[in-house]
Amino acid sequence: MADSTPHELVFGSVQHWCKVFVDGQQLAEHAGGFTRFRVALPVGPARPVTIVVLVDNRDDPVRSPLHRHFYDWYHYGGIAGHIELHRLGEAWLAEVRYQTVAVVPEPVVQLVVEARATTGPRRESLAVFVDGARVHDEVVELTSTKTLVRHLALPGVSTWSLEDPALHLLEITFGADDWRGRVGLRTVEVKGRDLAVNDRPARLFGVNRHDLHPDHGSALPDDQRLSDLQLIAGLGANFVRGAHYPQDEGFLDLCDEHGIAVWCEATAWQPGPDQLANDSWLAAAERNIDEMVAMAANHPSVLIWGCCNEGASKDPTCRPGFERLLRRLRALDASRPVTYAAMDPFRAPEVSADLADIVAVNTYPGWYWGGIEDIAGELDRIEAAVKAAGLDDRPLVVAEIGAEAIAGWNDRAAERWSEEHQAHLIESVLANATSPGRSIVGVALWVFADFRVGDRYPGDLRRPRAHNNKGIFDEYRRPKLSADAVQRGLALLEGARKEQP
Ligand code: ADA
């Protein structure tokens, strides 16, 4: 610490529970990996200090309720993200959020700026620039904290879309502080059964992705994330579901740049009544949602908020839990649709599905049950059930579908576990999910790359090599046969889309 103005430490991601000490004094305790959190430092005279971070990734339902050992991924431990030291000064920008309100006849954004000061009352000038051009200025009077909400029309500034992801530099100066970030101007909205981006129906096809790698755990280097993004874009995909926790912010940056839509999901895996009807679990899930939205809301690629993967959505005792978490998402950001992915969808009444803006289903025909020939029937069944439940007034997304293939296991008879079987299954999924008359507006295949699972995953015998092997690529990102199948399937779709008037 160089002086006696306020400072803070910003942790990008600590897996999963930690305590932060400065000169032996505990300043924070935090639970939950994958999201950013801030720790205010005491002010004092300039002198060296010792910062110690105690980190633990052991399973502990009380201390670390969102990272359980039975989840279907391995909980690597450690400090996985950047750590920054911020000198805040006497007046600073604590938070900046923007939201596109309209794109026609000209882009309009709502800017929410939280300004803070240590000593007040004071007057500071605030100015806003887009691509270097001043678009707003004013003088702000504040004593400690002030939240400003401003609507700015930005005529002539190009919009962001999946096809043409134009980004612009937004800069805000406030006294001696400044903030800059890249922004994309786009709206996203549920319009009947469509998900509309800039008022035009979007079709999302892509993959689920875990932010994991055998050499790096969850501390992937930027190059690895770029390479993942290039592989995903190279498939022809335009959609990533971040399974089952918020993806790293650097990855969101890449999705912004490449026009890849993101379903950004809060951390959870198959929460049952012990979680969804439990106040302390729900409070931890809310904190995780708060941190996710704070980290990801300024990314135009994030089109959908998700939570509670495969929660007990048929159990009426869990409905208030779903309601509470979806309400929290909407309260923090009303500009994006919210959803959760349902397990064994509609095998029994989905008592919480009406709470979500999008009906999202995980289903594994041809893998956990039946054969490839059952895929069409399963999609028919889901569509019929959605209609019967009166939920066909909103979009339908297949949030997971796929099959295991052991990389390098080839078989002319295309038996289960072979790359051939997986490739045939995926071909069939893409053909069936997009056939004429279907109401499905998005498919996220399970999964981009193989990943390690924990040794307490209950389905050990279904996880040879201690990996979930449903990757289109293996854990080192070497393609399986299904990579070609996805690429071919998505190229056909793209061709058909271009032929449409
Ligand atoms: C579920 C779950 C995934 C993964 C998948 C599988 O649908 O949401 O995390 O476990 O099944 O591979 O079986």
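For V429, are the conditions met, namely being open to solvent by less than 10 Å² (accessible area, probe 1.4 Å), touching a residue at least 40 places away in the same chain (Cβ under 8 Å), within 23 Å of the chain's Cα centre (by Cα) and closer than 29 Å to A496 by Cβ?
No.
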Looking only at the stretch 240-283, count every residue that is within 20 Å of D333 (Cα to Cα), touching a residue at least 60 places away in the same chain (Cβ under 8 Å) and open to solvent by 10 Å² or more (accessible area, probe 1.4 Å) and tell me the total. 3
For G78, the lone unmet condition from (1) open to solvent by 20 Å² or more (accessible area, probe 1.4 Å); (2) touching an Asp or Glu at 6+ places or on another chain (Cβ under 9 Å) is (2)
Number of positions in the stretch 371-423 that are buried (at least 18 other Cβ atoms within 10 Å of the Cβ), among the small types (G, A, S) and touching a residue at least 24 places away in the same chain (Cβ under 8 Å): 7
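Would you say V398 is outside any loop (DSSP other than H, G, I, E, B) and within 16 Å of the ligand (Cβ to nearest atom)?
Working: outside any loop (DSSP other than H, G, I, E, B): yes; within 16 Å of the ligand (Cβ to nearest atom): yes.
In short, yes.
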Those residues that are of a type in the set (D, E, K, R) and either within 22 Å of R462 (Cα to Cα) or not assigned by TED's automatic domain parsing to the domain that holds A348 (or both), I need them from the stretch 379-407; list them, please. E400, E404
Within the stretch 307-326, can one find any residue that is touching a residue at least 60 places away in the same chain (Cβ under 8 Å), away from the ligand (no atom under 16 Å from the Cβ) and open to solvent by less than 10 Å² (accessible area, probe 1.4 Å)? no
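So in the stretch 44-75, with the set limited to residues that are away from the ligand (no atom under 16 Å from the Cβ) and basic (K, R), which one is surrounded by the most Cβ atoms within 10 Å (Cβ to Cβ)?
Ranking the candidates gives R63 first.
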Name the single residue, out of those in the stretch 435-454 being free of Cβ contacts under 8 Å to residues at least 60 places away in the same chain and open to solvent by 10 Å² or more (accessible area, probe 1.4 Å), that is farthest from the ligand (Cβ to nearest atom). P436
Within the stretch 169-206, which residues are part of a loop (DSSP other than H, G, I, E, B), out of contact with any helix residue (DSSP H, G or I) (no Cβ under 8 Å at 6 or more places or on another chain) and open to solvent by 50 Å² or more (accessible area, probe 1.4 Å)? A176, R193, D199
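Specify the residue that is farthest from the chain's Cα centre (by Cα); the eligible residues are those in the stretch 357-395 that are in a loop (DSSP other than H, G, I, E, B) and within 16 Å of the ligand (Cβ to nearest atom).
Restricting to residues being in a loop (DSSP other than H, G, I, E, B) and within 16 Å of the ligand (Cβ to nearest atom), the top hit is G370.
The values are calculated or read from the model by the stated rules, or taken from the named source; none is laboratory data. The shown structure was predicted, so the numbers you read here are calculated from the model rather than taken from an experiment. Cβ atoms come from the backbone with ideal geometry, glycine included; neighbour counts cover every protein chain shown. What goes into the accessible areas is simple: the full protein's heavy atoms, side chains included, and nothing from ligands, DNA or RNA. Shrake-Rupley method; radii C 1.70, N 1.55, O 1.52, S 1.80 Å.
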